[in-house]
């Protein structure tokens, strides 16, 4: 055990957060919390965790659910591949492990969507398996404590930090230690304005001594951000409208949206209406543009979505069959899992 582990564990006993998934050693619930908290703040993830745990109290109930129900319950959390992987992994556990959450690290690691960090977090928290869990908080704490200039987003950097994290691990209390260092990064050694003045590790912090706290951890570079221009067709026919389910490997897979015309650049409605996708969607029936609503830029990790929603009315008796779409009652839109972008539009329409 390293000399920093007792300090971190003492700090955690006094300052650690009381979170619902820390009151259990059920590996299924620990896994559920870890998947929800990927790319999600604890304050937001807590309610989702409680709802999922109530609706799906065990892995068999999650596996038996339909994908639409899982996606609807996940709606608003973003990074929807997490929900699809969660559901697929639950079915994998039923098929390959008899519905019992696996215990061996290699078996946990084999589950759909479970990487090294998540497997380590589950196995240490549920079974006290002596494996170090390395997330963004751990990278930051270690990079500052040891004043490491190696970028964390390189193969060499990830290997270095994995070895360093393993060397600091309290192998007798692995789960508690992993939670301690992650909480320490979230509450004490924060990305901005870390509380160095009352840090119990200040005397050991090499970055503090060198004046490089604000420069750690180091990242080599960022992925380029891609702009996209979406034109949604909110087609109203009597009291009905049309939605489609997103498929393929693009964003929001498995969620529902209005028919979409994506343009290569910013453009006006006349050009959209002249697009082949638009003409195919409306099928030659008479239509009337009621209004167009441009939403503020919608930011994803590596994309910026510029969306305009066009509310279009066609006659209630029009023989409209939009290819690849479901015809549903407008009042039923809330029953379908949709990206937050569409939620924002619909909330404006209700105003």
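Computed from the coordinates by the stated procedures, all read-outs in this text should not be read as laboratory data. Everything quoted here is computed from the prediction, not taken from an experiment. Note: ideal-geometry Cβ built from the backbone for every residue, glycine included; neighbour counts use all protein chains shown.
Here is how the numbers come out for the structure above:
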quantity: For the chain, calculated [θ]222 nm from helices alone, where every DSSP H run of n ≥ 4 adds -39500 (n - 2.57); calculated: -12500 deg cm²/dmol
quantity: Rounded to 10°, Cα long-axis angle of helix 42-55 versus longest principal axis of the chain; calculated: 70 degrees
quantity: Between segment 45-72 and segment 97-120, the alpha-carbon center distance in angstrom; calculated: 18 Å
quantity: Modelled FRET efficiency - R0 30 Å, residue 69 with residue 350, Cβ distances, 0.05 increments; calculated: 0.80
quantity: Segment 1-89: relative contact order as a whole-number percent, Cα under 8 Å and 6+ apart; calculated: 24 percent
quantity: Nearest-ten-degree value, helix 155-168 long axis tilted from longest Cα axis of the chain; calculated: 50 degrees
quantity: Angle in degrees between helix 136-145 and the longest Cα principal axis of the chain, rounded to the nearest 10; calculated: 40 degrees
quantity: Mean Cα-pair separation over length for segment 226-350, i.e. relative contact order, pairs under 8 Å, 6 or more apart, %; calculated: 37 percent
quantity: Among 263-270, 90-97, 214-221, the order from most to least packed when residues are scored by Cβ within 10 Å on average; calculated: 90-97, 214-221, 263-270
quantity: Beta bridges per DSSP with both ends in segment 226-350, % antiparallel, nearest 5; calculated: 60 percent
quantity: Computed over segment 66-130, Kirkwood Rh from alpha-carbon pairs, angstrom; calculated: 12.6 Å
quantity: Cα-based Rg and Dmax for segment 242-307, where Dmax is the largest Cα-Cα distance (Å); calculated: 13.3, 39
quantity: Radius of gyration and Dmax over the Cα atoms of the chain, both given in Å; calculated: 24.3, 77
quantity: Kirkwood estimate for segment 189-347, i.e. one over the average of 1/r between Cα atoms, Å; calculated: 18.9 Å
quantity: Rel. contact order, % - alpha carbon contacts under 8 angstrom, at least six apart, the chain; calculated: 17 percent
quantity: Estimated FRET transfer efficiency (residue 167, residue 128; beta-carbon r; R0 22 Å; 0.05); calculated: 0.75
